[in-house]
1. Using the Cβ atoms and a cut-off under 14 Å, what net charge is assigned to the surroundings of F22, where Lys and Arg are +1 and Asp and Glu are -1?
2. Using a cut-off of 9 Å between beta-carbons, work out the net charge of the residues near E107 (Lys and Arg +1, Asp and Glu -1, E107 not included).
3. Tell me, what ³J(HN,Hα) does each residue in segment 84-97 have, in order and in whole Hz, if you take phi through Karplus 6.51 cos²θ - 1.76 cosθ + 1.60 with θ = phi - 60° and put x for Gly and Pro?
4. Grab the Cα-Cα distance for R125 and L70, subtract it from 0.36 nm times how many residues apart they are, and report the gain in nm with one decimal.
5. List every residue whose amide H lies under 5 Å from the amide H of G100, counting only residues 5 or more places away in sequence or on a different chain, with H placed 1.01 Å from N in the peptide plane.
6. What is the Å³ per residue value for the convex hull set by the Cα atoms of the chain?
7. Just from the alpha-carbon atoms, what are the Rg and Dmax of segment 2-52 in angstroms?
8. Taking amide H atoms as placed 1.01 Å from N in the peptide plane, list the residues 5 or more away in sequence, or in a different chain, whose amide H sits under 5 Å from that of R7.
Amino acid sequence: MEFEPGRVFLLRAPEGVDLLDFVNGFAEKNGIKTAIVKGIGSLRNPVVGYYSEEIKAYKRIELFGTFELLTLLGNVSIKDGKPFAHLHVTLGNANGNVFGGHLMKGEVFVAELYVQELVGEPLVRKERGNNLSLWDEEPL
């Protein structure tokens, strides 16, 4: 799919909110249907996921404490008629250990976000089997 660049937002998420809920709410409030999301900051007690092909579900990895949000990268598209943020994170702890995966939950301590709206026919996620909601494949 081809898109034109739309609005660009630089914003800070409030302390104490769930980052995933915040991005979804921001997109809905601002009428954003498709976007690129990037960010840095720190999260408390994040939960990340790793998709297991064997069990066809995400394995939850719960982390305890405050983690540096080294990178956040993802997108917004439409799922079940509403904006849906699909975000991946790289997180670091006080010992320099790094963890990463699909963001499932994370309380914001600090989060600075870049949201680049993409204008065009919105990408829509649909159940494709294996408990995954994916976009249509681009024809070759």
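None of the figures in this text is laboratory data; all of them are computed from the coordinates on show. Every value quoted in this text rests on a predicted model; they were computed, and no experiment measured them. Cβ placement follows ideal geometry from the backbone for every residue including glycine, while neighbour counts extend to all protein chains displayed.
1. Local net charge: -2.
2. Surrounding charge for E107 is 0.
3. Each residue of segment 84-97 in turn: 9, 8, 10, 10, 10, 10, 10, 10, x, 9, 5, 8, x, 6 Hz.
4. 17.1 nm
5. L91
6. 120 Å³
7. When restricted to Cα atoms, segment 2-52 yields Rg and Dmax of 13.1, 37 Å.
8. Counting only residues 5 or more places away or on other chains, the set is E117.
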